[in-house]
Amino acid sequence: MRLRSAPRTSEGLGSPGGEMEVDAAEDEDCRTWWTQENNDIIRAWKDSETFVDTDIRRQRRQQCRSDLLHLLQKIQGLPPEPLSLPLELSVLYNMVIAQCDIPGAGRLAEHSVQVQDVLSRAVEVLVPGGTAGTGLWEQVLSGAHSWEMTCALYRLAGLQGALWLSGGRLRDAVDLFSLLSQTPDLQNSSHEENDLPRLIRAWKVPVEEPGTILTLQTTGHIKEVLYNAASLLQGVAAMKTSEFPRAVTFLQEAAGSLCSSRGLAEIYTCLGYSFYKMGKPQVSLQYWQRALKTDFGCLSALYHSSVLYRDTGATESELEALALLHAALESPSSGDSSRKMPFPLRTECIIGSAVLSSFVHTPSSLEVKYLMARMSLRSRSIEQAAGHYLELLSALLDDPHPQGLHPSPAPLPRIPIIHLEAAASLLENERFQDAVTVCSELLERLGHVTGGVLRIDDPHKAMSEQLNCILWASSTHLLQGEAWGMLGDHRESIADFTRCINLLAKVQCGDYGSGELAQNKVCGILKAAAFLGRGNGFLQTGDEAKAVMSAKLSLQSDPAFPGVASCLVDALWRLGRKEEAACQWRMFQSNKDKLHQQWEGSAPVPDGDQAEGLFHGHISGQRTGGLYTERREDGDRSHLRLQRLQRNLCSSGFIQSYIGYRGCRRSGGPETPQKTPGLEISRHNNLRRIQIQSM
């Protein structure tokens, strides 16, 4: 509603012409007041930069945002006027820019509606006969305007481009900057989305002289931020399609433009990733080092470095990088690198974290601790591995480890897998009582889900949570039985091996190619290990007859399982069946190469990237809602999952550690295990006698 004054008694002022003069004067007064109010708000915003207390600064800026919104509402309460329109565009511009300073707001694209409403009001004033709706920018930019109006329109156009980039509307942004470009060859030709950085660079913004209307950010700054954001978006898009040379071109352009130190560090991280995929690891390390020097808070560069060291076999360097990463995650920096930018609208406001999550996301401290434990175990740093696993289990009790907003590059496996690997590392570190404790805790969690018989008739529907739990529980009993044996409690050891066998007996395969089912092979390996452990336990308690029976059952479960022949021969020799023992030993010696190849073929040990992804989503799903939440996969992939499951159980450490300890216990108590490669087993004196006798 237009403001009008009361009628005057004066003849001149009472005439229609006098009323128009009064209206114009009042409009001029309103515009002056509003301009002064806008300038006071902008000065208060800039003054808040000097506040040391962040809470006071936050409160002052929130007040500025509210004042700008209130001022815009007052201006838009009146019909649009040519003289007040630049002020209205500038106030809207300031209000949206001020919203960018809210940490984690992520609502930049929501202001597009307000920009469209203001453009509709501008068309009503600037374009006679113009139509509101589509093509608003074409209409307002087609005419000749005053310098003040041109500056206001260009500022708003830059803001519109930022809003469209934030919302993923690259095609609209390309069309807008094609209009803004004053180069004929750019204006009169069609452009693709990858031309956007070139169009923004060709945009010539007017030189803004100190005027009466203050703004939070100049158009020149907006242009530089837009160029940086557009180049980074195109680089990331090329990375996602594996066009890494093209990605490097755009990312290097982004690195040379205006951005915060955090943004520059993330660009360097993406450049390092691209060069690594191009087979240039040294260049990758140089860029990741530059990223950390630019902003040590960009920890994804440190994580990528650890992955590079792992892939190149530099174990010590990988562990050092992981240790630094874990320390940084445990003591995060309180500083905000984006604060180094003197204006609110930055590249981070336009490009959300989801766009870069595949390349700059960092695992959590718990996930890094697991990587350290696993790598220490793989590199045979057993004492360090055991310590890391115990710290991880303790931390998981205190921290439920909620899922983040973006997928982790190194997600934790299921909790039972961590317990099993921890128990294996404790066994190898000869901390047998601690291994028993870890196994007992896991068995308490699994006890209520391992009941009943599980029948598998179709390999495409074979994987289930019950099968997961049976395999976990049986493996736990296997490890716990070994730990009891090393502690000298052979009766408890035999009992745990028997429980392992009984659990595996619940898995029954139907007639649908049961010999080829991967889960049947896995169960065979576990049964062979449990029967062998029980046979060695019977040898220690003096029950050689049961030891012979257990050893033969182990051979039935898996004829190539290492160590079974030595147990069987030793038991037969002690029973006085020396001729049969010698026969078994000669048979073993003649077939040992074949058996070794058969074992290697049925229990492959993966390495590198293959081993890294084994537990994550194939043996079971990620831990989301509870301890045993399973991720569903298509039925036609279940057979592949089971094959990977077989490799998991043979490579995760607990079966190898069991084989390393088999048959080395005496009735007097635990004995330091002897490491024997492959099938070259001749530990017992009885076996040496047989070798001499057979020659």
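The values are calculated or read from the model by the stated rules, or taken from the named source; none is laboratory data. Note that this is a predicted model, so its numbers are computed, not measured. Here Cβ is always computed from backbone atoms with ideal geometry, including for glycine, and neighbour counts include all displayed protein chains. Each accessible area value is taken on the protein alone, full model and side chains, heavy atoms only, with ligands, DNA and RNA left out. Shrake-Rupley method; radii C 1.70, N 1.55, O 1.52, S 1.80 Å.
Within region 256-275, being surrounded by fewer than 21 Cβ atoms within 10 Å (Cβ to Cβ) and either without any contact (Cβ under 8 Å) to a residue 24 or more places away in the chain or within 17 Å of N194 (Cα to Cα) (or both) holds for one residue alone: G256. In the set A410, A462, only one residue is open to solvent by less than 20 Å² (accessible area, probe 1.4 Å) and modelled with pLDDT of 65 or more; that residue is A410. Would you mind stating whether S120 is crowded, with 19+ Cβ neighbours inside 10 Å, of a type in the set (S, T, Y), more than 19 Å from L226 (Cβ to Cβ) and in contact with a helix residue (DSSP H, G or I) (Cβ under 8 Å, 6 or more places away or on another chain)? Considered against the rule, which asks whether it is crowded, with 19+ Cβ neighbours inside 10 Å, of a type in the set (S, T, Y), more than 19 Å from L226 (Cβ to Cβ) and in contact with a helix residue (DSSP H, G or I) (Cβ under 8 Å, 6 or more places away or on another chain), S120 comes out as no.
Quick check on A247: is it touching a Ser or Thr at 6+ places or on another chain (Cβ under 8 Å) and either open to solvent by 60 Å² or more (accessible area, probe 1.4 Å) or under 26 Å from Y287 (Cβ atoms) (or both)? Yes, satisfied.
Say whether the condition of being out of contact with any Cys (no Cβ under 9 Å at 6 or more places or on another chain), among the aliphatic types (A, V, I, L, M) and more than 19 Å from T212 (Cβ to Cβ) is met by at least one residue in region 70-82. Write out each step before concluding.
Taking region 70-82 and keeping what is out of contact with any Cys (no Cβ under 9 Å at 6 or more places or on another chain), we get 70-73, 76-77, 79-82.
Cutting the leftovers down to among the aliphatic types (A, V, I, L, M) gives us 71-72.
Remaining after also requiring more than 19 Å from T212 (Cβ to Cβ): none.
Checked region 70-82: no residue is out of contact with any Cys (no Cβ under 9 Å at 6 or more places or on another chain), among the aliphatic types (A, V, I, L, M) and more than 19 Å from T212 (Cβ to Cβ).
Quick grid of which residues meet (1) at pLDDT 75 or above; (2) out of contact with any Ser or Thr (no Cβ under 8 Å at 6 or more places or on another chain); (3) under 30 Å from R310 (Cβ atoms); (4) open to solvent by 50 Å² or more (accessible area, probe 1.4 Å):
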{"position": "S338", "(1), (2), (3), (4)": "no, no, no, no"}
{"position": "R346", "(1), (2), (3), (4)": "yes, no, no, no"}
{"position": "C349", "(1), (2), (3), (4)": "yes, no, no, no"}
{"position": "S353", "(1), (2), (3), (4)": "no, yes, yes, yes"}
{"position": "L371", "(1), (2), (3), (4)": "yes, no, yes, no"}
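None of Y309, Y273, Y303 is part of a helix (DSSP H, G or I), under 22 Å from L329 (Cα atoms) and more than 18 Å from the chain's Cα centre (by Cα) except Y309. Cβ-Cβ contacts under 7 Å between residues 6 or more apart (or on different chains), taken from a first residue in region 50-68 that is under 17 Å from L214 (Cα atoms) and of a type outside the set (S, T, N, Q) to a second residue that is modelled with pLDDT under 85 and open to solvent by 90 Å² or more (accessible area, probe 1.4 Å), are absent.
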